[in-house]
Amino acid sequence: MAIENYRKVKLIKLLELLRQHTDAQHPMTNSQVCAAMDEMGIPCDRRIISQDVAVLNDMGYEIMVTMIGHEKAYYVDDRSFSVPELKILIDAVHASSFITEKKSNELIEKLAALAGIHQAEVLKRNMVCFNTRKHSNEKILYTIDTLEEAILTQKKVIFLYFDLNENGERVYRRGGHHYVVEPVALVFNEDNYYMSCYSSRHDSTSNYRVDRMDGVEIIEEPCSEKALALRDQVATYTEQAFKMFGGQLEDVVLEFDRVLIGVVYDKFGESVKMIPSGENKCIATVKVRISPTFWGWLFQFAGQMKILSPTHLLEQYKEYARKAEL
């Protein structure tokens, strides 16, 4: 490589070196920097390293200078993500079932590298491996990329959709015929990633698990005005589509043991108003879309939570309870 090209890449390589190999506990001395640069095939004079660092600092990269003995040393302290922030992101990736084991490991390596090699080892060493339900669709990241592009360009998508049989083999719905829909949003809900979409052909909305989609492609057909309107109301739409899975919206008065206060906040939000009811109970009025999902949620707290009103829902609850005892 010509000497002028070394000069062009020297500052870039110096910045990469310090970002990857240094932090406040692991600065690199002039001698160490020069040795590392020489290993990369970039000639380095230890007498002008401080000048190069000054140039980088003038450009806003903030490289810290300290002394180790009688020698200057350098480190990068301010990073895009702090170690606790990266820890949260790494744990989220590892806990997500829709990301395959292979892709999870790749993402974790990339996230950990943002902290530099020393903190990266700490982050990976402190990771608890607990998710054994990872999905197997290795194309999911490419699918997400295609769907995001379709949403951005307001185009329809075509894909195959499958279930798994008792042997873990793919069984395509509609006998292997394609779905053509208009993407509205990508939604993470209860450990799975979904595409919410609208079909102008059937004038209906649907949700498809992204890890069950195959052969996703954008087609050069614009989305309808109704689909675009749903995008403008995406928060309300996804709230209805995922939290309660449809049904009539009702004001429901619930009475529950105080130990379930956190559960009610988790389900309906921390803005829910509660009032004491006796020594160990509370009452709250919540907005609920009445559906099997709501009943399933309610029945897991049998004996600790009940409906006070409206009356017709109380009777429906009692009827479900009677059937469950049969």
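Among residues of the stretch 272-285 that are in the same structural domain as Q304 (by TED's automatic domain parsing), those with a beta-carbon under 6 Å from a residue that is assigned to a loop (DSSP other than H, G, I, E, B) at least six positions away or on a different chain give the pairs A284/V272. Scanning the stretch 158-178 for residues that are touching a residue at least 40 places away in the same chain (Cβ under 8 Å) and charged (D, E, K, R) yields a total of 2. What about E166, is it at pLDDT below 85, outside any helix (DSSP H, G or I), more than 30 Å from C282 (Cβ to Cβ) and outside the structural domain of E315 (by TED's automatic domain parsing)? For E166, the condition - at pLDDT below 85, outside any helix (DSSP H, G or I), more than 30 Å from C282 (Cβ to Cβ) and outside the structural domain of E315 (by TED's automatic domain parsing) - is met. Taken over the stretch 169-193, the criterion of being among the acidic types (D, E) and either at pLDDT below 90 or out of contact with any strand residue (DSSP E or B) (no Cβ under 7 Å at 6 or more places or on another chain) (or both) is satisfied by E169, E190, D191.
Could you please find all residues in the stretch 41-54 being charged (D, E, K, R), in a helix (DSSP H, G or I) and at pLDDT below 85? Across the stretch 41-54, the qualifying residues are R46, R47. For the stretch 64-100, the set of residues classified as among the polar types (S, T, N, Q) and surrounded by fewer than 16 Cβ atoms within 10 Å (Cβ to Cβ) consists of T66, S80, S82, listed by residue number.
May I ask you to verify whether N137 is closer than 23 Å to A92 by Cβ and not charged (D, E, K, R)? Considered against the rule, which asks whether it is closer than 23 Å to A92 by Cβ and not charged (D, E, K, R), N137 comes out as yes.
Picking from D163, D191, D203, D211, which residue would you name as being touching a helix residue (DSSP H, G or I) at 6+ places or on another chain (Cβ under 6 Å) and acidic (D, E)? After applying the criteria, what remains is D211. In a residue-by-residue description of the stretch 67-80, the property of being modelled with pLDDT of 80 or more, part of a helix (DSSP H, G or I) and of a type in the set (G, A, S) applies to no position. Pairs meeting the criteria (first residue in the stretch 102-116 and closer than 25 Å to T22 by Cβ, second residue of a type in the set (G, A, S) and assigned to a helix (DSSP H, G or I), beta carbons under 7 Å, at least 6 apart or on different chains) are A112/A120; A113/A120. Here the condition is being assigned to a loop (DSSP other than H, G, I, E, B) and of a type in the set (D, E, K, R); of D38, D91, D23, it holds for D23 alone.
Selection over the stretch 277-308 of residues that are among the polar types (S, T, N, Q), surrounded by 14 or more Cβ atoms within 10 Å (Cβ to Cβ) and under 20 Å from R258 (Cα atoms) gives a count of 3.
The values are calculated or read from the model by the stated rules, or taken from the named source; none is laboratory data. Values in this document were obtained by computation on a predicted structure and should not be read as measured data. In this analysis, Cβ positions are derived from the backbone assuming ideal geometry, glycine residues included, and neighbour counts consider all displayed protein chains.
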